[in-house]
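The next block holds one structure in the form of structure tokens; read it before the comments.
The values are calculated or read from the model by the stated rules, or taken from the named source; none is laboratory data. Just so we're clear, the structure is a prediction, and the values are computed from it rather than from any experiment. Virtual Cβ from ideal backbone geometry, glycine too; neighbours counted across all protein chains shown. Areas reflect the complete protein model, heavy atoms only, side chains present, ligands, DNA and RNA absent. Shrake-Rupley method; radii C 1.70, N 1.55, O 1.52, S 1.80 Å.
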Amino acid sequence: MTESSRHLGPRLASLLRGIYPELDADILSSMVIEAFWPEGSKRRKRARIAGNTLWSEHDALLITYGNSIIDGAHKPLDLLHDFLNSYLDGTLNSVHILPFFPYTSDDGFAVSDFRAVNPQLGDWPDINRIGGDFKLMSDLVLNHVSSQGSWFNAYRQGQSPYDRFFFEASPDDDLSDVVRPRTTPLLQEVETTDGPRHVWCTFSHDQIDLDFRNPEVLLEFLRIIRLHVDNGVQIIRLDAVAFLWKAAGTPSIHLPQTHAIIQLMRVLCDYASEKIILLTETNVPKAENLSYFGEGQEAHAIYNFPLPPLILHAMMSGNGEHLRRWQRGMPPAPMGCAYLNFTASHDGIGMRPAEGLLPEDEKQQMIDTIREGGGLVSMRSMPDGSESPYELNTTFYDALSRTFKGADDHHHARFVCSQTIVMSLEGIPAFYIHAMLATPNDHAQVAHRGMNRAINRHRWDYPTLRALLADPQSPQSRVLGDLSARLRLRRKQPAFHPNATQFTVNLNDERVFGIWRQSLDRHQSIFALHNVSDVPVTVPAAELNLIEDQIWVDLIGQIEIDTGAAEITLAPYQCMWITNRP
């Protein structure tokens, strides 16, 4: 027995006993190790110690589909690679390519083959090339698979091992407490060689939920993770992981076995010779979302899901108090963990994370303002049969075309301010490609595809996009230029390390959202101020702890701050990064 096996085996066995109490945990532990490290693979002798070296202030991530940029002649992955190198080199160093596998619906999230690259995008060598130049994130869509994929077809034909891969239930089961993100029926009746069966469908009837009560399902996904890592993936996004384990008579979300499976994956990553980051995708309220850090032994990173609706509200209302109150109550990420901060993603702006954080009347104002700007709203089913707003469907750029007061001339500045807040906060900043490119709502795609989320999934014609980026007056050129400049500035500041100290600055004026960051070595401080209103605001200099014996400079405006001045004035939507280490 190797030294790593002496430590690794017992840790895995302990977790596996909690997940599969009826099975031999030691045998299953050996099978887990074999699945993740097939013959010829190497692993660490001891687990990687939790620390803050998996990321730095240099890290910023682009979220994109593999075909967000097309031209009708070249492979979309090649075009994406060219765009990354031509426009984002030195600005963003990481890229999340949304599911790049063969699929049948939900823009990639109904995967039909986890081991292949969608031939309409390219092939593994194209993925490898992007992974060679940028930190690469891939999706592990582990809750469900396509109803038309080989796994489910084999299940319907009774073929082993797939005959036990999918979660079955009865319409007579008590499913009243099940938490749903959709309004479609939970169970779907399907014909199999063994007769009719009712399979569980959390998201849609083309997305059939897998049954992780069968350890073979877990082992297969560990082999898939290994395939992705061997192809250059460094960040594994656990999609819809909160719904992984289900049981009739329960909410079937956040169950203990789900957390134990994530802990098991974390152990494997800690022993991997490659640096692997686990990111959980759990679009749920704050406490539930934070639970995926565990005690520092689950996900390396979690999405900061309350940020999109809270930043949107602050910018629309001109009042940052709800954002500030939430941030004040947020704990620092545990050692070895980090937040992933964002405003826009391929999905809509989730409203569930705003539960308990925003008053109902102000949430309704947001919904009304989005609709006035041409956006849409998606609903979810509640246990009592009613429906509740689940997400706002709009590009973030168009969402900020107006405030509660209506449209004005501050659209560009307001949008850039919203993204600067993301750059300033503790954690790793992430930007959807359509935020970086100031993409407007795509109503034609909604009409064509009959899906609200299509409004935020435009596909840019590359020659058209390049022409717009070459025009200094276009929204695309202005937004990409301003955001890139701030990101290049940000990556030089140690105080913006994802784990650098952060405190919320309690300014008297609710129109300014302020935070203080301090580098890990305590040499650099940055006071990040963001005027979320459409009027100039003055901040008493005494409310900031600007040490008098040091020179303080606003990095964004490149001006020295007079520590003896009575006030600091911010123009509408102006941001300042005031530092003692210019």
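Assorted remarks:
- Of the helices (runs of 4 or more DSSP H) that lie entirely inside region 1-118, those containing 1 or more residues that are at pLDDT 95 or above, under 27 Å from residue 270 (Cα atoms) and of a type in the set (S, T, N, Q) span 3-19, 25-36.
- Scanning region 360-388 for residues that are surrounded by 12 or more Cβ atoms within 10 Å (Cβ to Cβ) and at positive phi returns a single hit, 374.
- Candidate set: region 444-473, residues that are of a type in the set (S, T, N, Q) and free of Cβ contacts under 8 Å to residues at least 24 places away in the same chain; chosen: the one most open to solvent (accessible area, probe 1.4 Å): 473
Residue-by-condition table, conditions (1) open to solvent by 30 Å² or more (accessible area, probe 1.4 Å); (2) more than 30 Å from residue 249 (Cα to Cα):
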{"site": "391", "(1), (2)": "no, no"}
{"site": "394", "(1), (2)": "no, yes"}
{"site": "399", "(1), (2)": "no, yes"}
{"site": "413", "(1), (2)": "yes, yes"}
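- Extreme residue, least open to solvent (accessible area, probe 1.4 Å), among residues of region 497-506 that are closer than 18 Å to residue 545 by Cα, at pLDDT 95 or above and not β-branched (Val, Ile, Thr): 500
- Single unsatisfied condition, residue 252 versus (1) hydroxyl-bearing (Ser, Thr, Tyr); (2) open to solvent by less than 30 Å² (accessible area, probe 1.4 Å); (3) touching a His at 6+ places or on another chain (Cβ under 9 Å): (3)
- Filtered residues of region 192-220 (kept if part of a loop (DSSP other than H, G, I, E, B), in contact (Cβ under 8 Å) with a residue 40 or more places away in the chain, touching a helix residue (DSSP H, G or I) at 6+ places or on another chain (Cβ under 8 Å) and open to solvent by 20 Å² or more (accessible area, probe 1.4 Å)): 203, 206
- Residue satisfying condition, being touching a residue at least 40 places away in the same chain (Cβ under 8 Å), within 18 Å of residue 515 (Cα to Cα) and in contact with a helix residue (DSSP H, G or I) (Cβ under 9 Å, 6 or more places away or on another chain), within set 354, 299, 333: 333
- Considered as a group, the residues in region 163-191 that are open to solvent by 30 Å² or more (accessible area, probe 1.4 Å), within 27 Å of the chain's Cα centre (by Cα) and of a type in the set (D, E, K, R) include one that is nearest to residue 99 (Cα to Cα), and that residue is 182.
- Scanning region 507-534 for residues that are open to solvent by 50 Å² or more (accessible area, probe 1.4 Å), touching a residue at least 40 places away in the same chain (Cβ under 8 Å) and more than 19 Å from residue 325 (Cβ to Cβ) gives 520, 523.
- Strands (runs of 3 or more DSSP E) fully within region 447-560 that include at least 1 residues being touching a Phe, Trp or Tyr at 6+ places or on another chain (Cβ under 9 Å) and closer than 30 Å to residue 391 by Cβ: 501-505, 512-518, 525-531.
- Taken together, 71, 107, 123, 82 contain a single residue that is open to solvent by less than 60 Å² (accessible area, probe 1.4 Å), among the acidic types (Asp, Glu) and over 18 Å from the mean Cα position of the chain (by Cα), which is 71.
- Criterion violated by residue 237 - all others in (1) within 21 Å of the chain's Cα centre (by Cα); (2) open to solvent by 10 Å² or more (accessible area, probe 1.4 Å) satisfied: (2)
- Condition met for residue 160 (open to solvent by 60 Å² or more (accessible area, probe 1.4 Å), without any contact (Cβ under 8 Å) to a residue 12 or more places away in the chain and among the hydroxyl-bearing types (Ser, Thr, Tyr)): yes
Yes or no, residue by residue, for (1) over 21 Å from residue 347 (Cα atoms); (2) at pLDDT 95 or above:
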{"residue": "435", "(1), (2)": "no, yes"}
{"residue": "449", "(1), (2)": "no, no"}
{"residue": "459", "(1), (2)": "no, yes"}
{"residue": "468", "(1), (2)": "yes, yes"}
{"residue": "475", "(1), (2)": "yes, yes"}
{"residue": "478", "(1), (2)": "yes, yes"}
{"residue": "482", "(1), (2)": "yes, yes"}
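- Just one residue in the set 147, 112, 94 is of a type outside the set (A, V, I, L, M), without any contact (Cβ under 8 Å) to a residue 40 or more places away in the chain and in contact with a strand residue (DSSP E or B) (Cβ under 8 Å, 6 or more places away or on another chain); that residue is 112.
- Taken over region 56-68, residues that are open to solvent by 10 Å² or more (accessible area, probe 1.4 Å), of a type outside the set (D, E, K, R), in contact with a Pro (Cβ under 8 Å, 6 or more places away or on another chain) and within 20 Å of residue 428 (Cα to Cα) amount to 1.
- Single match in 263, 257, 327, 297 (criterion: open to solvent by 10 Å² or more (accessible area, probe 1.4 Å) and touching a strand residue (DSSP E or B) at 6+ places or on another chain (Cβ under 9 Å)): 327
- Remark: residue 419 falls outside the filter, which requires a residue to be polar (S, T, N, Q), more than 19 Å from the chain's Cα centre (by Cα) and part of a helix (DSSP H, G or I).
- Screening residue 36 on (1) crowded, with 22+ Cβ neighbours inside 10 Å; (2) within 28 Å of residue 453 (Cα to Cα) shows it passes everything except condition (2).
- Residue 568 being more than 28 Å from the chain's Cα centre (by Cα), among the β-branched types (Val, Ile, Thr) and open to solvent by less than 20 Å² (accessible area, probe 1.4 Å): yes
- Top-ranked residue in region 328-348 [being in contact with a Pro (Cβ under 6 Å, 6 or more places away or on another chain) and outside any loop (DSSP other than H, G, I, E, B); ranked as nearest to residue 296 (Cα to Cα)]: 338
- Selection count, region 481-496, where residues are open to solvent by less than 20 Å² (accessible area, probe 1.4 Å) and either more than 19 Å from residue 341 (Cβ to Cβ) or among the polar types (S, T, N, Q) (or both): 2
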